[in-house]
Amino acid sequence: MVPVLLISLQAAPVRADETKSGADETKSGADETKSGADETRSATDQTKSGADAARASVERLYTTLQDVMRRGEQLSYDQRYAELDPVIRQAYDLPFMSAKTLGRYWKGLSEQDRERWVSTFSRLTVSTYADRFEKYSGEQFEVLTVEPSSHETLMVRTRIVPVGEKPVDLDYRLRGADGSWRVIDVFMNGTVSELALRRSEYSSVFKRDGFESLLSSLEKKIVSPES
């Protein structure tokens, strides 16, 4: 009896409105599938675009660093600072990093003190680069891969290869904001967070000696980069 029942169901007449309804449902399903595919493609394109922009940001930084290092003997500290300043401010999200290095103490600062802190932190960052990247000894700067990271950030993995020495892994964490991708942290050998180290150091000084003392200590490092 089962085969008969199946045959009867297959042979049963189908009304025109049922056929149309089925066609509409099929078309609707196809449209939804196409829409989902378009959204997936769009998300993929956005991810690739972000990865390309993040890589380009780090590559620009490295290109400038190598250029300054190659001319290190002809450039004074002040000249290196002047050339590196706009590039570093473009590559790094210094206001964001400035706030994070103070941890919970940032919320307690007045607007004026916040501005002072961001300015001092930013100048110290540029000063550190100008002081350390003073000569070229054949180092190679390699940008390796770009990978998704936490909180919608990207990790650009790079490597600095000194001549005759062990390579140093430097990973840059970038976040997208205002149409650009900028560095918010740097990891030495994949584990040591520069942001975490600074937050630990600065928060300790802030708690022990207060904001003005911390600010003064950073200012002194800017004035005397060799110390």
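The values are calculated or read from the model by the stated rules, or taken from the named source; none is laboratory data. Quantities reported herein were computed from a predicted structural model and do not represent experimental measurements. All Cβ positions, even for glycine, are placed from backbone atoms using ideal geometry, and neighbour counts span all protein chains on display.
Does R175 fit the bill of being surrounded by 13 or more Cβ atoms within 10 Å (Cβ to Cβ), modelled with pLDDT of 95 or more, over 25 Å from Y81 (Cβ atoms) and touching a Lys or Arg at 6+ places or on another chain (Cβ under 9 Å)? For R175, the condition - surrounded by 13 or more Cβ atoms within 10 Å (Cβ to Cβ), modelled with pLDDT of 95 or more, over 25 Å from Y81 (Cβ atoms) and touching a Lys or Arg at 6+ places or on another chain (Cβ under 9 Å) - is met. S122 meets all of the listed conditions (1) at pLDDT 95 or above; (2) touching a strand residue (DSSP E or B) at 6+ places or on another chain (Cβ under 8 Å) but one, namely (2).
Conditions tested, residue by residue: (1) in contact with a strand residue (DSSP E or B) (Cβ under 9 Å, 6 or more places away or on another chain); (2) under 24 Å from S49 (Cβ atoms).
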| position | (1), (2) |
| --- | --- |
| T158 | yes, yes |
| G164 | no, no |
| V168 | yes, no |
| L174 | yes, yes |
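Across segment 173-214, the qualifying residues are those that are over 15 Å from K100 (Cα atoms), small (G, A, S) and part of a strand (DSSP E or B), and the one among them that is nearest to the chain's Cα centre (by Cα) is G176. I'd like to know if segment 91-104 contains one or more residues that are touching a residue at least 60 places away in the same chain (Cβ under 8 Å), surrounded by fewer than 18 Cβ atoms within 10 Å (Cβ to Cβ) and within 14 Å of the chain's Cα centre (by Cα). Looking for residues that are touching a residue at least 60 places away in the same chain (Cβ under 8 Å), surrounded by fewer than 18 Cβ atoms within 10 Å (Cβ to Cβ) and within 14 Å of the chain's Cα centre (by Cα), one finds at least one in segment 91-104, hence yes. Note on segment 70-86: among residues that are under 24 Å from the mean Cα position of the chain (by Cα) and touching a residue at least 24 places away in the same chain (Cβ under 8 Å), the one that is nearest to Q140 (Cα to Cα) is L84. Residues in segment 113-154 that are of a type in the set (A, V, I, L, M, F, W, C) and assigned to a loop (DSSP other than H, G, I, E, B): F133 alone.
Which one of these is under 25 Å from R80 (Cβ atoms) and either at pLDDT 95 or above or buried (at least 16 other Cβ atoms within 10 Å of the Cβ) (or both): E147, E165, E194? When all the criteria are applied, what remains is E194.
I222 meets each of the listed conditions (1) in a helix (DSSP H, G or I); (2) closer than 27 Å to E73 by Cβ; (3) at pLDDT 95 or above apart from (3).
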